[in-house]
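A short write-up of the structure that comes next.
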Ligand code: ADP
């Protein structure tokens, strides 16, 4: 379509630079969109699609009023789009030809500062990826709303993805040269908006941000992000904190799947907070605390001292109930200091924000006092060298009006006595208004007209109004006639106009002055951004730790004792979430002991007995302990786990359409290749995704590998009862099972984990509980009895063979091979089939075989089967 007008030419020129964004093109009081932007926006925003021009040259168009644009922009951002705001940058009245227009800001999911895309209790991270020669990849993360800025270097792509998942980013910046396949992986696995930035050269204004970083690659990674921010936000980046370099190895590592699966911050299926560990632990009072808690849960620590520092303060807060209560109340009065300082720097803070800031600062001395009373060395060390920003509080106290309006241009923000000049203007206004009030009173008396009044409107200014009915009482020539209405006449006097001029002048000047003063105050506040951010950090820590103390007391948690590389000894441990979801007291507590001669536990037991709850319980207790929280148990000794791997459940993988078994194997590979002696591995029903013998062999090989090669603490649940014999061969493996008992022919789960292997499968009983038809259940029982007999034969044989050459594991595999004919006799091999064919069969035998092969087992009852067997036997002459 041809662009026929100079304005449309201008539009197309600008749009060409912002292909990947909606271009909001300012036209008077509207932002207009054209062509495909218009079509797409009309659909996404449910607004009317119109057209500009006529006939052939019609251009699809839609628009939103500029004063309500924020709402529409937020909607697009929420959906993952970007919006480029193109403003008129010269006064249309002065313009020769088309008004000059420029893009003044690009809003993206990662750079948006407010609106519905920003949630109080969540960070909004923007990530940037910088690949280097070889496998190394730089990762920088920034939260524009809080100023947090972090950077790290990862050694391979899988590690990168795992690290990225922890941030839950909405947008990722990459160089345009990045592999298409990798780009697709980001989009598919992280569901992010991709943005491009190809420059990594230093930015002069941002040198201070990366000052403390030594290495070139780390700086380059930061600069790529900074360059992008400069290009899109086109504003100062003053509120960004100095970039902090961290090593992923400082934190317990969990791959994306494990984090999701353990439901640390949201549930697996519904993605809800309720039902997650975060839900149990979150008793924070501030949004900053809530965000920090979430970060902590996703990144448990490895440093014993730091973890114990947290435990120490939690301990003090539990012991000092009254101080904890005061602290909670005081924290309730603290607003989001982090985001407030972000807005100060970004230049969109208003009077009310500053009042919130002041009120928060008023609470700080009280909070510090409360904490000093606890005598906690950790709390004291945090408060040391932290400014309570009292100067800022004083400044705001003297300058900003408590009940100021949201708008910063209408006055009413600055307090009296802050500025002499402003006080003078205000006096003039007040005096003038008092004079006018007195005038009204005086004229009423003189004229005797009780309804006479002095009014004001924007067009005529102040006037004296007399109703038509009273006009006759007015002495001729007392006032000057100004305006005639249907029912009244409006007048002015010389003096009134003089006062009016004074009032209006004072008003205008005071409005202007207030604005200037406000801007100056805002600048002064900017100087406090760093101390404010430090203060916010400390307050958030206090908030999270009081939350831990609160939860620990409510749910009777205990302080875990950490012994790096030590054993696990949990007494009466509970699963924090399951415990909270079921009726109080119904949870069956379980011990977990791991170490020395029991590093791997092979857990058997019926479905729904509580195997995976038991496994998750250990993982969650470890995460909690290393986050600085107390744990649900009566006693807990724990090592510091460097990594947790879980392979539990598969519901979410199915949703992604990947082959479950392949995913299972990929993740198992991840677990066995990355884990160390100090890791925790949880494998649930590995091998279930393939055929029985295939799966069982794999499961056994995995267990042996972990046992012999890794030595990681491992819980392995399985329904292959055959695997329980491994206890005989692997010295560090112990069988445990979740007990269940039969009562009146049905099964009752006790949820109690006890040593030893489960003795039978309760699958049929579960089926019975589910009320499958009696006939079917009975049939299953018959089949089970058959299989069990078969199994015990195999077992006897295997034991015999494995007794013969117990020396090496390799030979064990050989014995498996020797076993094959026995096992596979259920399913004849090809060669067996052929040889069977070769054997000469009598006609009757053939007939019997035919009958057997064509028999549809699903359609025969046990009785019918027995009758049939009887008939066939008789045919064969038995
Ligand atoms: P499995 O993995 O053996 O199939 P789950 O661990 O999924 O079984 O547990 C099934 C259900 O049993 C859980 O949803 C939970 O409600 C309940 N449960 C599990 N363990 C316990 C326990 N220790 N105390 C009380 N209820 C439990």
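No value in this document is a laboratory result; all are computed from the given coordinates. This one's a predicted model, so the numbers in the text were calculated from it and none came from an experiment. Cβ placement follows ideal geometry from the backbone for every residue including glycine, while neighbour counts extend to all protein chains displayed.
Computed quantities for the displayed model
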{"item": "Inter-label distance, nm, simple model (7 Å from Cα along the C-beta direction), residue 780/residue 50", "result": "6.7"}
{"item": "Prolate/oblate/rounded call for the range 561-771, Cα gyration tensor, a/c under 1.5 rounded", "result": "rounded"}
{"item": "Estimated Rh, the range 6-107: Kirkwood, alpha-carbon pairs, angstrom", "result": "13.9"}
{"item": "Residue order, fewest to most beta carbons within 10 Å, for 519, 624", "result": "519, 624"}
{"item": "Stokes-Einstein diffusion coefficient of the range 158-317, Kirkwood radius over Cα pairs, 10 °C, 1.306 mPa s, in µm²/s", "result": "87"}
{"item": "FRET efficiency, residue 748 to residue 250 (Cβ-Cβ, R0 60 Å, nearest 0.05)", "result": "0.80"}
{"item": "Compactness relative to 2.2 N^0.38 Å, alpha carbon Rg of the range 94-160", "result": "1.67"}
{"item": "DSSP bridge pairs, the chain: antiparallel proportion in percent, nearest 5", "result": "65"}
{"item": "Residues 143, 315 arranged by fewest to most Cβ contacts within 10 Å", "result": "315, 143"}
{"item": "Alpha-carbon centroids, the range 206-273 and the range 576-596: separation in whole Å", "result": "35"}
{"item": "Zone of residue 236's modelled label, taken as backbone nitrogen in the range 376-414 under 14 Å from a point 7 Å along Cα→Cβ", "result": "none"}
{"item": "Translational D in µm²/s for the chain (Stokes-Einstein at 25 °C, 0.890 mPa s, Kirkwood Rh from C-alpha pairs)", "result": "73"}
{"item": "Among 299-307, 844-852, the order from most to least packed when residues are scored by Cβ within 10 Å on average", "result": "299-307, 844-852"}
{"item": "Point-to-point label distance, residue 359-residue 179, nm (Cα→Cβ direction, 7 Å offset)", "result": "5.2"}
{"item": "Order by protection proxy (mean Cβ within 10 Å, highest first), peptides 401-409, 460-468", "result": "460-468, 401-409"}
{"item": "Full-extension gain in nm, residue 36 to residue 409, via 0.36 nm per residue minus C-alpha separation", "result": "130.5 nm"}
{"item": "C-alpha center-to-center spacing [the range 160-178, the range 38-56] in angstrom", "result": "34"}
{"item": "Kirkwood hydrodynamic radius of the range 125-250, Cα pairs, Å", "result": "14.4"}
{"item": "Distance (nanometres) between label positions extended 7 Å along Cα→Cβ at residue 851 and residue 586", "result": "5.4"}
{"item": "Estimated [θ] at 222 nm from DSSP helical runs (n ≥ 4, -39500 (n - 2.57)) normalised by residues in the chain, nearest 500", "result": "-15000 deg cm²/dmol"}
{"item": "FRET efficiency, residue 473 to residue 509 (Cβ-Cβ, R0 45 Å, nearest 0.05)", "result": "0.70"}
{"item": "Packing-based order for 497-508, 90-101, using average beta carbon neighbours within 10 Å, highest first", "result": "497-508, 90-101"}
{"item": "Rg and Dmax [Cα atoms of the range 420-522; Å; Rg one decimal, Dmax integer]", "result": "16.6, 57"}
{"item": "Inter-centroid distance (Cα atoms) of the range 399-426 relative to the range 75-124, Å", "result": "30"}
{"item": "Contour minus Cα-Cα distance for residue 91 and residue 865 (0.36 nm per residue)", "result": "269.2 nm"}
